[in-house]
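The numbers here are math on the coordinates, done by the rules we state, and not lab data. This is a predicted model, so every value here is computed, not measured. All Cβ positions, glycine included, derive from the backbone under ideal geometry; neighbour counts span all protein chains shown.
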Amino acid sequence: MKNKITVERQMQILAENINKFLRRKGKTQTDMARELGIAPTTVSSWLNCVRYPRIDKIQQMADYFGVYRSDLTEDKEREKVFTSSNYPLYPVSVSAGLPIGIDGIMSDDVETITVPDIIMGEYAGNKDIYMLRVNGDFMNNVIPNGSIVVVKVVNLVAIKDGDIVVYSDGNDYAIKRMYRSGDKIIFRPDSDNVEYVDYVTTIDNEDIKIHGKVVKYFADVS
């Protein structure tokens, strides 16, 4: 008779297996969401162990990876030791909208957040990672208000059009999608509110700084 496992453990197993098969397929969770017609926020909730998919969605993913459904839902590599890593969490809210003033965002007054490595996936233990809480709904198509975003420090050349970035204009910080067009830099909301507009500046604006690329988020389920 098999030992019963908790719902939390079932979600961990599923998240670990999805990440494993994504790596094998050379795809990202965004790729899978787009190709299967599933909302990116839904896929993120599965990989962040917030929600568990319906059986039809599990079968859809199994077909996508070319595996059995049980390959996603069961720990076939036997019980493992699940490790966690610590990351800096800055005790401020960064605006998912118009830039808002944040004093000392990179100060020494930081908290520490511990996240299981299976949730962080390829970013587990990465020293170039920090986290912030989102305030606002300018990005609510992909990042709900109140979420904690995982930000990776990267070179500007590594940022592609459409990537979500944390940027500042002087002492004002915000999160938006970034695009380049000639000598213009465009910071674009991704919201269900059509009234929100782009923030456009130029490459010679010395006050503009890119502080990292958003690679994951954790929805606030409190």
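Peptides 190-200, 159-169 ranked from most to least packed, by the mean per-residue count of other Cβ atoms within 10 Å: 159-169, 190-200. Would you look at the GNM of the chain, springs on alpha carbons closer than 10 Å, and say which of Ile55, Ile113, Ile185 moves the most? Answer for the Gaussian network model of the chain: Ile55. Looking only at Asn155, Asn19, Asn48, which one moves most when the chain is put into a Gaussian network model with springs between Cα atoms under 10 Å? Of the options given, Asn155 has the highest mean-square fluctuation. The convex hull defined by the C-alpha atoms of the range 1-76 has an orientation-averaged projected area of 4.9 nm².
Considering only Val166, Val142, Thr201, and ranking their Cα positions along the charge dipole of the chain that arises from unit charges at the beta-carbon of Lys, Arg, Asp and Glu, the one farthest toward the positive end is Val142. Oblate is the label for the range 117-222, because a/c, from the alpha-carbon gyration tensor with a ≥ b ≥ c as root eigenvalues, is 1.5 or above and a/b does not exceed b/c. Given +1 at the Cβ of Lys and Arg, -1 at the Cβ of Asp and Glu and no other charges, the dipole of the chain around its Cα centre is 1180 debye to the nearest 20. Measuring nothing but how far apart in sequence close Cα pairs (under 8 Å, 6+ apart) lie, relative to its length, the chain scores a relative contact order of 18 percent.
When both the range 172-222 and the range 8-22 are represented by their alpha-carbon centers, they are found 31 Å apart. Among Lys25, Lys152, Lys209, the largest mean-square fluctuation in a Gaussian network model of the chain (Cα springs under 10 Å) belongs to Lys25.
Using only alpha carbons, the chain has a radius of gyration to Kirkwood radius ratio (Rg to Rh) of 1.00.
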